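Heads up: the structure comes next, in structure tokens.
The values are calculated or read from the model by the stated rules, or taken from the named source; none is laboratory data. Not measured: the values here are computed from a predicted model. As a convention, Cβ positions derive from the backbone with ideal geometry for all residues, glycine included, and neighbour counts pool all protein chains shown. The accessibility values were calculated without ligands, DNA or RNA, using every heavy atom of the protein model including side chains. Shrake-Rupley method; radii C 1.70, N 1.55, O 1.52, S 1.80 Å.
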Amino acid sequence: MPFSTLSDNEFSGRQEELTFLFNKVLQADAGAGAGIVLSGSRGIGKTELLKQLFGLLFWKQDHVAPFYYVANPALLSAETFSKTYLMQFLYQRIAFEKKEQSLFWRDGTSLADLSMLLEDRDAAWAKEILQQYEQNSSDPIGALRIALAAPYRSALLSGMPVAVLFDEFQRLQGLSIHGAEDPHLVSLFEKPFSLSKALHVITGNAAELREMPVTNSLERFSLTPLDLADAASRAQAILRVHNLDTEMPPLLIRHLGGNPFYLECIGKALALKKDPGNKELWGVYIKEITEGGLALYWSSVLKGFFQDLGKRKHAIAVSYKIYHAKEPFSCSRIAATFSMTENQAETLAHTLYRAGIIQGEFGVFRPVEDNVLHDIIDCLYLKEVLAKSAHDLERELMERLLPEKSGVSRFDLTLPMTKEAELVAAQCIDQIGKNLHLSQDITGQLQIAVIEACINAMEHSRGAERKVYVSIVADEGRLEVSIESSGQEFIVQETGEPFGGREAAKTSGRGWGIKLMKRFADDVKFEKTTRGIKTVLIKHLDKAAREQKEDAITNE
């Protein structure tokens, strides 16, 4: 079903992205549209956004006809796929003209039934496309080409542009002909992708989509986690739907990382409780990651990529090691640690990467930025590798999570890329410094570093978002500030610093930003993320207090 089942309240926090895609699609009416890959981590809401976009296009405008299709792994023979793709397109295209939702349930009908409908509607353009397909039905490749070209062909014949919203696109790597899989068949989308009158918005598993050459020509649009305010709003909407008169604790919301799927799973689980206390709320979370919907989801992902039980345990063990390592893991290190060959280690690591469980570049691998997945990997390791009992597993997780959350304060800001927006972050640092009773010197130093990092993020940003995301975490004697934007990939492997830092240093008056960050923060790191580039500034408060005391004694 192409329509979303969520209300506007339940879909809070995505209106800006929805409006951007809606306006982008409408450019197809002028022949100026460009194809888009909607990317993002698992559970981030790509499918939901695609369905919301379909509903908006279907009901709120009459210039571009929407077509929603989700690849079904059971229907990937070239013959079956081309037939279902064409039939669903024609039914949805006719439904759009008269806003007839009933036509969406015609999947089980035959080509003859579809032909009769087109005859009744006097849709000569559609009849011509269907006849062309039927004449070439004995040629699987020819029929597939005609089906894929149908949206564009309809635009030429009817004058109505089309927006093709294609979900789980990576599954088309399993397209087969005469029973044999042929990954090259997906390359037949290259021409349809290039035609502006039939604009394509595709989504699916981000890691696999990145490795498909056919998507290289498409514009990337990254769907990022909900910020704290939107995540809290989404959580409350979910709880209200389930008639639960309680609030999800802010610390738990932060731990879920702005992931809509995680919020939905925890919301449903909480709905089974009556007025749960704080500890019980964390108990609900632990139940979800050990045996609930979240555990089943990630277990199914692992099973999909590692069907053999022995290989799956190896994958869990390697993931656990990577998640708890202090530095990235190379394939050679994986091979040495787990007694594998280099090829075996490379294959396993790459499969984990495609599954979305680890991230990597330059031949090394790191954990993804996902607290929930981290907890689930720990659970799977303790349960399936170390064979811990359910009681011991729950107790260990409860002891680990509750104390960790009680001593952490976190603040999240989203800054627009406007003049002096970095001063908002500096003001926030000033207030946090007062709350933590930091000296003005320490606060001022960190403010300078944060301002320079924000300016750096704005200067190097590349993308449609035009935002800088700032997270400030105070935890056990240290203050960590992360500044992230959709920057270009400019980190140098050898130094861990941006290209911009080296090149700017050659230009008079440039290159001081990184120097100031390093001078006024104890640690400075540059990381590549799914969103873009992140600068991490760390100030050790105990060390700063010690140095301040020593300076005072010296001055006396």
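At a glance:
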{"item": "For the stretch 336-344, Karplus couplings with θ = phi - 60° (6.51, -1.76, 1.60), whole Hz, Gly/Pro x", "result": "5, 5, 10, 6, 10, 7, 4, 5, 5"}
{"item": "Sequence-distant residues sharing a close amide H with residue 64 (under 5 Å, placed H)", "result": "none"}
{"item": "Selection from 44, 155, 87, by position along the positive dipole direction of the chain (Cβ)", "result": "155"}
{"item": "Mean Cα-pair separation over length for the stretch 142-256, i.e. relative contact order, pairs under 8 Å, 6 or more apart, %", "result": "21"}
{"item": "Mean Cα-pair separation over length for the chain, i.e. relative contact order, pairs under 8 Å, 6 or more apart, %", "result": "11"}
{"item": "Helix axis angle, 278-290 relative to the chain longest principal axis, alpha carbon, degrees", "result": "50"}
{"item": "The stretch 31-122: C-alpha gyration tensor shape, a/c 1.5 cut-off, then a/b vs b/c", "result": "oblate"}
{"item": "Accessible-area order (highest first, 1.4 angstrom probe) of the listed residues 323, 297", "result": "297, 323"}
{"item": "For residue 176, distant residues with modelled amide H under 5 Å away", "result": "77, 78, 182"}
{"item": "Shape of the chain, Cα gyration tensor, a/c cut at 1.5", "result": "prolate"}
{"item": "In nm, spacing of pseudo-spin labels at residue 30 and residue 478 (7 Å Cα→C-beta vector)", "result": "5.0"}
{"item": "Rounded to 10°, Cα long-axis angle of helix 111-120 versus longest principal axis of the chain", "result": "80"}
{"item": "About the Cα centre, charge dipole magnitude for the stretch 296-352 (Lys/Arg +1, Asp/Glu -1 at Cβ), debye", "result": "200"}
{"item": "16 Å Cα-Cα reach of residue 539 towards aspartates and glutamates, excluding residues that sit fewer than 8 places from it in its own chain", "result": "430, 441, 452, 475, 476, 480, 522, 523, 547"}
{"item": "Solvent-accessible area per residue, Å², over the chain with all protein chains present [probe radius 1.4 Å]", "result": "47"}
{"item": "Rounded accessible area of residue 125 (nearest 10 Å², 1.4 Å probe)", "result": "30"}
{"item": "Karplus 3J(HN,Hα) series, Hz, for the stretch 346-360 with 6.51 cos²θ - 1.76 cosθ + 1.60 (x for Gly, Pro)", "result": "5, 5, 5, 5, 5, 5, 4, 5, 5, 6, x, 8, 10, 10, x"}
{"item": "FRET efficiency estimate (nearest 0.05) - Cβ-Cβ, residue 337 to residue 437, R0 56 angstrom", "result": "0.80"}
{"item": "Accessible-area order (highest first, 1.4 angstrom probe) of the listed residues 337, 535", "result": "337, 535"}
{"item": "DSSP bridge pairs, the chain: antiparallel proportion in percent, nearest 5", "result": "65"}
{"item": "Farthest toward positive dipole pole in the chain [+1 Lys/Arg, -1 Asp/Glu at C-beta], among 477, 238, 73", "result": "73"}
{"item": "Exposure rank, largest accessible area first [122, 62, 370; 1.4 Å]", "result": "122, 62, 370"}
{"item": "Mean-position separation - Cα centroids, the stretch 370-394 and the stretch 110-155, in angstrom", "result": "52"}
{"item": "Cβ-placed point charges (K, R +1; D, E -1), dipole of the chain about Cα centre in debye, nearest 20", "result": "240"}
{"item": "Carbon and sulfur %, accessible surface of the chain computed with the full protein complex present, 1.4 Å", "result": "49"}
{"item": "Label-point separation, residue 420 to residue 362 (7 Å along Cα→Cβ), nm", "result": "3.8"}
{"item": "Under-5 Å amide H pairs with residue 478, H placed in peptide plane, nonlocal only", "result": "541"}
{"item": "Computed E for residue 112/residue 309 - FRET, C-beta separation, R0 56 angstrom, nearest 0.05", "result": "0.75"}
